[in-house]
Amino acid sequence: MNYIGEHLLPGQIGHFFAVLSLVASMLSAFSFYKADVCKNTAEQKPWLQIARFSFGAVTISILSMFLVLYYVISNHLFEYKYAYTHSDKSLQIEYLLSCFWEGQEGSFLLWSFWNCFLGWIIIWKAGKWEKPVMSVVSITQFALATMVLGVYFFNVKVGSSPFVLLRNEMEAPIFSRPEYLSFIKDGTGLNTLLQNYWMVIHPPILFLGFASTLIPFAFAFAGLIKNDHSWIKPALPWASFSAAVLGLGIMMGAAWAYESLSFGGYWAWDPVENASLVPWLTLIAGLHTNLVYKNSGYSLRPTYFFYIISFSLILYSTFLTRSGILGDTSVHAFTDLGMNTQLLLFVLLFFIPALVLFFIRYKSIPTIQQEEQTYSREFWMFIGSLILFLAGAVIIAKTSIPVWNKLFGTNIAPPEDPEFAYNQIQIFVAILIGLLTAVTQYFKYKSTPKSYFQKITLPAIISLAISLAISLFGNINYEQKGPAFLLAIHIAIFGAVFATIANTAYLWLGLKGKIKAAGASVAHIGFGIALLGILISSSKKTVLSWNTTGISPLRIEEGNKPNPAGNPAENLTLFKGVATDMGRYMVTYEKDTVNPLDRKRYFEIDFKSKQGNDNFKLYPDVIKNNKGMEGFAANPAAKHYWYKDIFVYITSFQENKGADTTQFQNRTLKVKDTIFYSNGMIVLNSVNINPAEQKNRYAPDEMALFLDMTVISKEGKLYRANPGIAIKGQSELRQLADTVMSQSLILVFNKVIDQKTGKLEIGLKETGNITDLLTLKVYEFPMINLLWLGVVITVLGFIMSIIQRVKVSGEKLTKMV
Amino acid sequence: MKTTHIIILVFIAAAIAVLVQFSGDLTTYETIASAKAKPGKPINLIAKIDKSHPIEYDAVKNPNYLSFVAVDTLGNSIKVVYHDAKPTDMEKSERLVLKGSVKEGYFDCKNILLKCPSKYKDTPGAMKNNLQASN
């Protein structure tokens with residue numbers, strides 16, 4: 001059948017380059033290997049040329065696939081499944097790139113792209129290490145190319161192509177018609193959670209981090225093959241780079257979670273988060289043992305091990321997040337594309353050979369028999385690395401619960417409070433790492449004179465003073481998990497402060513102000529600050545919308561048992577236009593507007609401080625879910641102070657829509673009479689003629705009659721209501737209804753029945769949909785900016801040390817020439 | 001034996017101790033029937049909403065009270081009480097993972113994880129519906 005309106009060429013080009021990148025990466029891996037094993041330069045040269053040329057072909061293929069996919073998505077070619085499932089026409093241009101990483105195929109392309117980028121730097125800079133390192137890089141490229149291949153080999157599907165056509169992928173009656181495309185008006189759209197600016201930059205950075213862990217691995221692998229350990233120096237700036245970028249990528253993800261996901265925080269120990277954190281921990285461990293070996297000759301074996309395990313853990317995290325195995329434990333893993341075996345092979349392809357090689361070579365890897373001195377930097381750096389590695393091992397063991405279930409057929413699930421299960425252990429890791437970060441710089445490699453180490457006394461005293469001040473006056477009373485955990489938090493705060501102060505002081509005490517060499521110290525200062533930010537913002541996180549009953553009936557319903565401690569009652573109901581009491585603030589839901597550009601509904605929430613004039617408005621929003629889902633996804637908004645954030649998000653909202661079908665009921669009453677409604681009673685206090693306080697509700701030429709009524713709800717809340725009538729001349733009569741929003745009550749003054757006895761008739765209406773309302777949660781995060789500041793400083797420190805190391809090795813090269 | 005080796009062994013022992021302690025905190029996936037047999041014990045239920053009973057949630061009365069009836073694949077059902085806002089598109093989810101424990105006659109839920117037909121998934125069913133809707 002000939003289908004009308006299809007654009008098949010882009011897909012064919014895409015498929016072509018997918019196959020080309022596969023073949024070229026295989027050729028490139030083989031030729032780099034050949035060039036490496038060749039003894040004489042004459043034979044080596046043509047192999048190297050072929051290798052570089054084919055790596056160029058890989059690069060061009062990846063770029064072309066990227067461009068073709070971008071063309072398909074940006075031109076809304078919905079005959080392609082990728083465009084249909086990951087985009088729609090209303091999507092803003094800035095989010096078109098986000099469509100790439102919503103699907104697995106696009107994110108594999110992104111990974112390949114960074115591999116090419118890093119590969120060319122290796123070719124340019126790595127000298128004698130180019131050939132072996134690049135052959136590992138090319139093998140990785142080959143493995144990644146199979147992931148986006150989408151070809152059947154002997155009835156086994158290999159990879160999943162981003163260029164498949166919708167009509168080939170699923171069954172639907174419309175595909176039997178040649179003009180089927182004219183029925184597909186729009187795609188199913190990009191997941192609403194990904195429609196956030198962090199999602200434009202977080203995945204590229206994170207994947208650069210993922211890709212870059214390959215380089216230390218490749219150096220180590222090459223070193224094992226060649227039994228040559230001189231790679232340790234050129235690998236060092238790469239490891240720093242990888243640690244910086246991966247760390248930044250993870251924290252950008254945290255920032256995205258904080259700004260866009262509504263779980264009320266930046267870190268939830270979700271398996272997806274853990275899976276990328278653990279390789280970072282082991283990489284940091286490897287970076288430190290790498291430095292130890294370079295400066296003292298110790299710890300070469302652990303360095304091999306840590307670099308091997310870091311990249312393997314990246315692959316394992318790929319398996320966890322993409323195989324669908326996390327289904328019941330994670331909120332944001334990818335979909336299962338039926339590639340589990342392939343993903344598992346990807347992990348094993350690198351992990352098994354590297355580990356086997358490591359054990360074969362283990363004996364021949366040089367080591368120093370004599371023991372490190374306790375008063376040496378290498379000893380404590382090694383201890384720190386060991387702690388990081390074991391902390392990572394514990395985290396990944398806990399995260400792998402679904403894998404254990406698969407392997408052993410068990411039926412276990414994470415603990416009831418999964419976050420605390422991590423926190424209660426990692427707080428001690430934080431203490432130890434904080435203290436080691438503070439102390440270790442004050443040791444010298446090999447051995448430290450006691451007088452030198454004593455320099456740490458002053459920073460220690462200052463840190464103790466500062467952290468005591470924080471502990472005593474900072475109101476850190478996180479008592480939910482018992483006194484031992486609270487004590488641990490306070491000790492960890494000391495550790496974090498000590499790490500910050502000691503490393504700052506080291507700039508003068510140790511480095512004598514030589515800023516060029518200060519990269520490590522700066523990174524450690526940033527780490528200390530970030531740690532402090534994490535500790536304070538998490539332990540002092542407060543719920544502002546907690547049980548502060550103003551008009552809102554936020555209370556435990558009768559008949560229900562009182563909430564046990566820790567049970568969340570964090571939602572506050574706001575009625576449109578009604579100021580509601582919320583602790584320090586009066587909050588009002590003013591209005592909401594739909595922005596046609598980003599299709600979000602913004603709620604204007606007005607905060608008025610009860611004391612002082614700290615008044616502001618926040619605009620949390622919701623966006624309608626797509627992909628056949630009902631409901632809305634909420635995006636939080638935050639008011640940023642330098643010392644805290646006020647953080648708010650909508651948990652539900654109800655619009656007053658549809659006709660109001662309830663009828664007014666008429667009641668007769670006199671002054672001081674009481675009538676009842678479903679949720680309480682109403683007292684008529686007095687009847688007032690032309691009352692001054694209602695002046696704005698009637699015209700000067702009108703005669704107005706207002707009732708002063710008190711509504712008393714069952715819960716004992718009092719509201720005033722003033723329905724009235726305004727009469728102009730003899731015949732014109734207007735009813736001025738009054739409403740009690742939170743009681744869903746409308747009151748009108750109908751008429752005076754008998755002037756002598758004072759009998760009046762009022763109309764009373766109770767309705768469910770009287771007004772728009774929303775429920776929201778409001779949190780306060782104190783000192784969260786310390787975390788973000790710490791991250792920025794850490795990255796700066798890494799950049800400084802990379803520049804320094806590249807410079808030093810460059811100078812040495814020129815000296816040698 | 002070197003000091004380093006002793007320290008390594010001590011740390012590894014500590015890590016193992018931590019994991020053993022953790023395994024004590026682990027919960028299990030239960031059916032409604034087996035959950036009822038273990039009142040008060042934290043467990044995970046995999047169930048779906050019984051559509052024949054109304055989902056009770058009224059933000060005006062109490063925004064922190066959600067109640068519905070959950071039914072599992074064996075056909076048993078239990079009333080669930082959740083002290084938080086109703087998750088959006090809860091009705092649409094085909095599967096719920098409920099974390100909590102059985103109290104007197106009801107399931108006191110601490111956390112609801114929705115398994116939606118198409119949150120990050122492109123199940124053929126959901127897409128087919130979309131296609132037919134655009135037809």
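A straight Cα-to-Cα reach below 18 Å connects A:Lys514 with the lysines A:Lys444, A:Lys455, A:Lys807, residues fewer than 8 places away in its own chain not being considered. If the viscosity is 1.567 mPa s and the temperature 4 °C, what Stokes-Einstein diffusion coefficient in µm²/s follows for the stretch A:148-274 when Rh is the Kirkwood radius over Cα pairs? Translational D for this selection: 68 µm²/s. For the residue pairs A:Lys512/A:Lys644; A:Lys624/A:Lys644; A:Lys540/B:Lys51; A:Lys294/B:Lys2; A:Lys541/A:Lys591, alpha carbon separations beyond 32 Å are given by A:Lys512/A:Lys644; A:Lys540/B:Lys51. Short-range pairs are left out: with C-alpha atoms under 8 Å and at least six residues apart, the relative contact order of the stretch A:1-195 is 33 percent.
Across the stretch A:349-384, the residues whose backbone nitrogen lies under 13 Å from the label position 7 Å along the beta-carbon direction of B:Ala14 are A:383-384.
Computed from backbone phi, the HN-Hα couplings of the stretch A:587-602 come to 10, 9, 7, 7, 6, 9, 9, 9, 8, x, 5, 9, 6, 9, 9, 9 Hz, rounded to whole numbers (Karplus: 6.51 cos²θ - 1.76 cosθ + 1.60, θ = phi - 60°; Gly and Pro given as x). Each Lys and Arg Cβ is given +1 and each Asp and Glu Cβ -1; about its Cα centre, the protein assembly as shown then shows a dipole of about 2640 debye.
Expressed per residue, the C-alpha convex hull volume of the protein assembly as shown stands at 214 Å³. The mean sequence distance of close C-alpha pairs (under 8 Å, at least 6 residues apart), as a share of the length of the stretch A:201-414, puts its relative contact order at 23 percent. In whole angstrom, how far apart do the alpha carbon centroids of the stretch A:229-252 and the stretch A:664-719 sit? Value for the Cα centre distance between the two parts: 73 Å.
Only helices enter this figure: runs of n ≥ 4 DSSP H residues, each worth -39500 (n - 2.57), summed and divided by the residues of chain A, yield -17000 deg cm²/dmol at 222 nm to the nearest 500. Phi angles of the stretch A:131-143 translate, via the Karplus equation with coefficients 6.51, -1.76, 1.60 and θ = phi - 60°, into HN-Hα couplings of 5, x, 5, 5, 6, 5, 4, 5, 5, 4, 4, 4, 4 Hz per residue; Gly and Pro are given as x. The HN-Hα couplings worked out from phi for the stretch B:68-84 by the Karplus form 6.51 cos²θ - 1.76 cosθ + 1.60 (θ = phi - 60°) are 7, 10, 9, 10, 9, 5, 7, x, 6, 9, 8, 6, 10, 10, 10, 8, 6 Hz, whole numbers, x standing for Gly and Pro. For A:Lys34, the lysines whose Cα comes closer than 25 Å to its Cα, not counting residues fewer than 8 places off in the same chain, are A:Lys45, A:Lys125, A:Lys128, A:Lys131, A:Lys226, A:Lys233.
What spacing in nm lies between the two simple spin-label points modelled at B:Lys41 and B:Asp58, each 7 Å away from Cα in the Cβ direction? Placing both labels 7 Å beyond Cα along the Cβ direction yields 3.7 nm. Could you tell me which of rounded, prolate or oblate describes the stretch B:28-121, using a ≥ b ≥ c as the square roots of the eigenvalues of the alpha-carbon gyration tensor, with rounded for a/c under 1.5 and, failing that, prolate when a/b is larger than b/c and oblate otherwise? Since a/c reaches 1.5 but b/c is at least a/b, the shape of the stretch B:28-121 is classed as oblate. The value of relative contact order for chain A, using C-alpha pairs under 8 Å at least six residues apart, is 10 percent. Taking all Cα-Cα distances within the stretch A:1-58, those exceeding 20 Å account for 44%. Considering all alpha-carbon pairs of the stretch A:190-229, what whole percent are spaced by more than 13 angstrom? The calculated P(r) of the stretch A:190-229 puts 65 percent of pairs beyond 13 Å.
Here A:Lys185 is the anchor, and the aspartates and glutamates within straight C-alpha reach of less than 14 Å, apart from those fewer than 8 places off in the same chain, are A:Glu6, A:Glu79, A:Asp88. Its Cα gyration tensor gives the stretch A:1-195 an equivalent ellipsoid; the semi-axes, largest first and in whole Å, are 38, 18, 12.
The numbers here are math on the coordinates, done by the rules we state, and not lab data. Values in this document were obtained by computation on a predicted structure and should not be read as measured data. As a convention, Cβ positions derive from the backbone with ideal geometry for all residues, glycine included, and neighbour counts pool all protein chains shown.
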